[in-house]
Each structure stands twice: as C-alpha cells, then as structure tokens.
1. How large is ³J(HN,Hα), in whole Hz, for each residue of the stretch 353-358 in order, when computed from phi with the Karplus curve 6.51 cos²θ - 1.76 cosθ + 1.60 and θ = phi - 60°, using x for Gly and Pro?
2. With every protein chain left in place and a probe of 1.4 Å, what is the accessible surface of His99, to the nearest 10 Å²?
3. Would the stretch 289-386 count as rounded, prolate or oblate if I go by the C-alpha gyration tensor, calling it rounded below 1.5 in a/c and otherwise prolate when a/b exceeds b/c, oblate otherwise?
4. With each label point set 7 Å from Cα along the Cα-Cβ vector, what nm distance links Lys273 and Thr28?
5. Towards the positive end of the charge dipole of the chain, with charges on Cβ (+1 Lys, Arg; -1 Asp, Glu), say which of Val78, Pro241, Ala125 has the farthest Cα.
6. Exceeding 24 Å between C-alpha atoms, which entries from my cross-link table qualify? They are Lys104/Lys163; Lys65/Lys226; Lys132/Lys263; Lys138/Lys189.
7. Using alpha-carbon positions, what is the distance between the centroids of the stretch 198-225 and the stretch 235-301, in Å?
8. Could you give the dipole magnitude of the chain about its Cα centre, charging the beta-carbon of Lys and Arg +1 and that of Asp and Glu -1, in debye to the nearest 20?
Amino acid sequence: MDISQIINELGEDREYYFNAVAPPIMQTSNFAFNKVADLSKAFENEMGGYLYSRGLNPTVDILRKKLAALDGAEDCLVFNNGAAAIFAGIFANLKYGDHIVSVKAPYTWVQRMFDVILPRFGVTATYINGGKIENWEKATQPNTTFYYLESPNSWDFAIQPIKEVAALAKSRGIITLIDNSYCTPLYQKPVEMGIDIAMQTATKYIGGHSDTLGGVLCGSHAMMKKIFDSEYLNIGSGIQPFNAWLMIRGLRTLPARIERITKSTAEVVQYIKQHHKVEFLLFPFDETFPQYELAKKQMNGACGLFTFALKTDKRESIVRFCESLQHIMMAVSWGGHESLVIPKCAGIQPGDFDGSNREHRYIRMYVGLEESKYLIADLEQALAGI
Ligand SMILES: *Cc1c(COP(=O)(O)O)cnc(C)c1O
C-alpha cells in the first residue's frame, strides 16, 4: 500500500464519527454489550473485539493498522513506551533455562533486563559483536531460543547483517527481535527481511514532538496474539487512547520530518567532520563508517543521530563544549523537533573517566527540525570556546 494512503487513510472509518477528518479519542475504559453471548465471545478472545481498554481500544486500533502496514507486517501492538514493548516481546517468548544471544551494549533498559531481571528466572544472555554472522553461530547454544538485535545501535551505530541473522535463526527455530528505532520502517523494514518481531520506540520519530511516549512491536498475527494474550494484558502497558491519538498525529508528518532531518543531518555531519577540533565521527552513511557498505546495502537512509569526539582527552573540555551550546539542548531521548547533545561521560563517574578510551569521549548529537545553519552556528561558537 502507498505510504500516503497508510498515513492519511488506513484504519480511519470516518463514517462512524461524523466524517471528522481527525479521529476521535475513544477515552473509555470499557465497552457495553446487549447480549450475554457476545460478552462470552469477547471473554474467549479478547483480541477479537472491544471489551476493556487494557486490551483493545478503537483509537489505538487505528494506530496499530497504520504501524503494521508501514512495517509490512500482519499485525502490531502498541505499548506505553518502548521499554515496555521490548520487555513484553522478549518475556512472552522465554521460559526457564533459555539462553539469549544479544548484540553487545543494547539499549540501557534491555541490558538491565538481561543482566538483572532475567537471571532471576533462569535465563542467561551472551553478548556478541553482531556484525559478523559467525559470531551469532558461535554463541548459539543448544538452549538458545532468542536473538536480540539492535541495528543500528543508538550510540555507535553498530549494525548487523539482518537477513543473514534472521535466516540463521529460522534454521534453528530461534525467535528474533530487532530494535529498529534508529531507522523507523521508512529506512528499514526488518519483518520483510525475515525478522520475527520489529520493535521501535514511538517516543522518538513516530511521536516526533517530545511530548509523549510509546513503543511498537510488529510481526505475524500469531506472534502478536501470543504477546497480547499474556504479557500485553497482564503487564497492562498498552498505550492510552490519548497518547495513541498523538502518535496518529505524529505519523501524518513522519515522512516530511524524516526527509528534512536527513538533509540537515548530512549538512551538520559535513560541518563537524571537517572541523580541526574534531577527532572522529560515527554516522552509518558516512564513507568513513566501519560498516558503511553493509549500512548502504540494507538501510534506505540514515538521519538524526550521530556521534563524534573532540581532539581532547580532558573531561572538562567535553563538559565545556556541551555546556556552551546556546540552542542545542542537553537531554536524553531524540526524534523530536529539538536538536540535542548528550556526552557519554555524563554516565561515567568523573574518577572513572579515561580519556584514552574512545567511548568515554563520545558526544552524541541528534539533529532536529531547526535550520541546519542555525545549528552549525551554535556548534561553531561552542567549538571556538574549547
Ligand atoms: C528510547 C529508546 C528505547 C526505549 O524507548 P522508550 O519509549 O523510551 O521506552 C529503546 N531503544 C532505543 C534505541 C531508544 O533510543
């Protein structure tokens, strides 16, 4: 289906709501029945109709249809945030004694789930450099039931050969989940590449305005039903109707925002790269990126986030640079209207900072919707001060 049709029409049955162009927010907890038989049917299969908004809700369903179609997937579940989506997607597919192979340094709360929560349930994880298919093969044990991918990673943009990892998993009966937040389905469609569950945080590009949170899982209807019937209903972390409505609104402008951010990011990357105070820059679509060929092969585009390091081993200089920015804000998250930076050293105790460690010097930037020349001027004056 055409992307314009998905975004503007799919799932929107306007005749049910006075032909309003914008869909209503079905702010209701429950749905009434006239017949006991119908109520019984809803109990039997809660994913088959409207019963209670911890399960399905009509506003959320509009969003589900659009997001599934964008990903080229049969079905979709939307959660209250990305971390909840990942938690449910993984937890629904594990049992005591299982083993996970994961890319190293996955998103913070995934790492925490693997290191702190899952061991309490007898599940262990092995972290690998996921860029080479041999590493997946080598790390796979007889009890491996799950592969966790994040491509690209949101700090160093490490990527995995998605089709190959998915094919290996299929041949071993292993379930795959990928964090596709960086690309969104506009720049990468993991389900079409053979991945079982494509996840993205809707907090970032889908919402797009830094004013709400959400998380998405896409995959086969059977997989979504499996997650819905247990974790989705039990944890109760489904997205609320108002937030779903904000996500539908965000989707209307997703392609336009991604197009602009792609253009501005390329301009800001070119500026940073040539600056004499910059040591290196990491961006998947930059020719110097170590996995540039693979990135070009499997991604339709790259934008927004990139990481760079200044020619300094001093924490104070990194701090001064970040604190000197006048317009680019310092904050977690990304994908909104506002450009951001975040230094890796903020998460490292000053005594543990090691200037000879590349990663400790990472500064991640997100390019938002501002004019690129406005951002470059701000970077220029901050770089001049160090
Ligand atoms: C933000 C983020 C998440 C988590 O999403 P939330 O909506 O904040 O829970 C997961 N993966 C990546 C790469 C992220 O940037």
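1. Values per residue, Gly and Pro as x: 5, 10, x, 8, 8, 3 Hz.
2. 0
3. Oblate, because a/c is 1.5 or more while a/b does not exceed b/c.
4. Taking the two extended label points, one gets 5.5 nm.
5. Towards the positive end, the residue furthest out is Ala125.
6. Check vs 24 Å cut-off fails for Lys132/Lys263; Lys138/Lys189.
7. Result: 16 Å between the Cα centres.
8. 320
The values are calculated or read from the model by the stated rules, or taken from the named source; none is laboratory data. Note that the structure is predicted; figures quoted are calculated from it, not measured. Using ideal geometry, Cβ is built from the backbone for each residue, glycine included, and neighbour counts are taken over all protein chains shown. For accessibility, only protein heavy atoms count, side chains too; no ligands or nucleic acids. Shrake-Rupley method; radii C 1.70, N 1.55, O 1.52, S 1.80 Å.
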